[in-house]
1. Take the Cβ-Cβ distance between B:Leu77 and B:Ala150 as r, set R0 to 30 Å, and report the resulting FRET efficiency rounded to the nearest 0.05.
2. Taking the Cβ of A:Leu20 as the center, what net charge do the other residues with Cβ under 15 Å away carry, scoring Lys and Arg +1 and Asp and Glu -1?
3. In nm², what is the average projected area of the convex hull enclosing the Cα atoms of chain A?
4. What is the Å³ per residue value for the convex hull set by the Cα atoms of the protein assembly as shown?
5. Taking the alpha-carbon centroid of each part, what is the distance from region A:186-207 to region B:19-54 in angstrom?
6. Under a 10 Å cutoff between Cα atoms, tell me which one of B:Asn39, B:Asn100, B:Asn131 has the largest fluctuation in the Gaussian network model of chain B.
7. If I fit a long axis through the Cα atoms of helix A:150-171 and take the longest principal axis of the Cα atoms of chain A, what angle between them do I get, 0 to 90°, rounded to 10?
8. Mind checking the mean number of beta-carbon atoms from other chains within 10 Å of the Cβ atoms in B:172-179?
Amino acid sequence: MELLAFGKTGWGDELFYATLMTLAVSVTAMLIGFFFALIFTPLKLSKNKFLNLIGNCYTTVIRGVPELLVIYLFFFGGSGAIMYVASIFGYFEYIEINAFITGSFAIGIISGAYSTEVFRGAIQSIDRGQFEASKVLGIKKHIQFYKVVLPQMLRLAIPNLSNVWQITLKDTSLISVTGLVEIMRQSYIAAGSTRDPLFFYSFAAVLYLLLTYLSMKFINKLEVKYSRGY
Amino acid sequence: MINSFPKLLSATLITLKLLSASLFFGLFIGLLFAILRMNKNPIINKFAYGYSYVFRGTPLLVQIFIIYFGLGQIEYLRSTMLWVILKEPYWCAIIAFALNTGAYTSEILRSAFQTIKPGFIEAGKSLGISNKIIFYKIQIPIAIRQSLPAYGNEIILMLKGTSLASTVTLMDLTGVAKYIISTTFKPIEVFIVAGSIYLFMTFLVHSTIKYLERKFSY
């Protein structure tokens, strides 16, 4: 138990901050994912064949390629790409992006592909009549989206989004390969310096279980809230 | 880009070996735990539920690390025959993958078994067919058909999961891709080649499952 003590003698506080880091990366990645979903869901639903193709390419490629490969692409290719863009604007210094940003961006793009599929499914399962009714009532396009489509879509999407959240949370363990100190990386460091990998990796597993368990509790509450009246 | 292709292709072989071995063992584990989940004894039932909850609630990376780095720490294990298997990263990866996919497979199979209409089983019983034969000839074929779409997704998830073998020094497709990226600093080209190989495999799995679904539909 002294291995988990807070302060200089144990790894308690380090692991606590690492857990917060995992949460921070997951939330950031999820939000970046929503942003991507916001762009690609309309493309996937669009009637234009070309836009449709772009949307399908995004979800197919990202969901068909291992997460680790995407992370390596961002980790090794990220700063190169930024430096290339910067060189166009006449900035030639070396730019290093921090691991948090590359990590959450990589996980965010992956999570976005799953969110896109969820939103597409949710919008498609809204009754056609709802769209027609709001059109007949002369409601403007953006108000129709916020007041008619969005509330119904969220209700249908929340159960599946909770799966996306779980996937995202578990995917963040992969960013440990880039050196960002989240649960996995901290356990790796602790296991290395105490030569007790069994304890620390098992403890990491417990932390992840705790995170998934608590977030499920929270999401269930949200689900109840959004399905009022059904 | 072209130079890296043969190396990546030979690494694909290791990925495929890992995938097929873990799916093979995972299917047995999944079937076993699905049957345990449907057991009426609450202790057995809870045990099976706990197994699938733990393996589905933690990242695959943690599971591999516990098995590869963690189990070697137990002195007792080092002296048994098991150590011959557990000191190899290849087998550790397969054990972790099989246990992980086993947990998901057990959930898929369980829900497939539960969606079988009770009428089918009752019909079998009223015809005087023994419970064993009802299970093998009625429940299993229907469950296979029911679980095909979900199991196809699981195969694709597992295919992507095998990439984690590269974290325990195995040179699978992702491992070799990373090695080439870190020596040549051409991340995008290597990503395109390795990614296409993965996509091609995903596509093959997807179309095979679609074909089987059509074949087994009733």
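Please treat every number below as a calculation from the coordinates, not as lab data. The model shown is predicted, which means the values in this text are computed figures rather than measured ones. Every residue, glycine as well, gets a Cβ built from its backbone with ideal geometry; the counts of neighbours run over all protein chains shown.
1. Details: r = 35 Å, r/R0 = 1.16.
So, using R0 = 30 Å, E works out to roughly 0.30.
2. Values: positive: A:Arg185; negative: A:Asp13, A:Glu14, A:Glu182.
Counting the neighbours of A:Leu20, the net charge comes to -2.
3. Numbers: hull surface 67.8 nm².
Taking the Cα atoms of chain A, their convex hull projects to 17.0 nm² on average.
4. Values: hull volume 96.4 nm³, N = 448.
Per residue, the Cα convex hull of the protein assembly as shown comes to 215 Å³.
5. 27 Å
6. Result for chain B, Cα springs under 10 Å: B:Asn131 fluctuates most.
7. 20 degrees
8. 3
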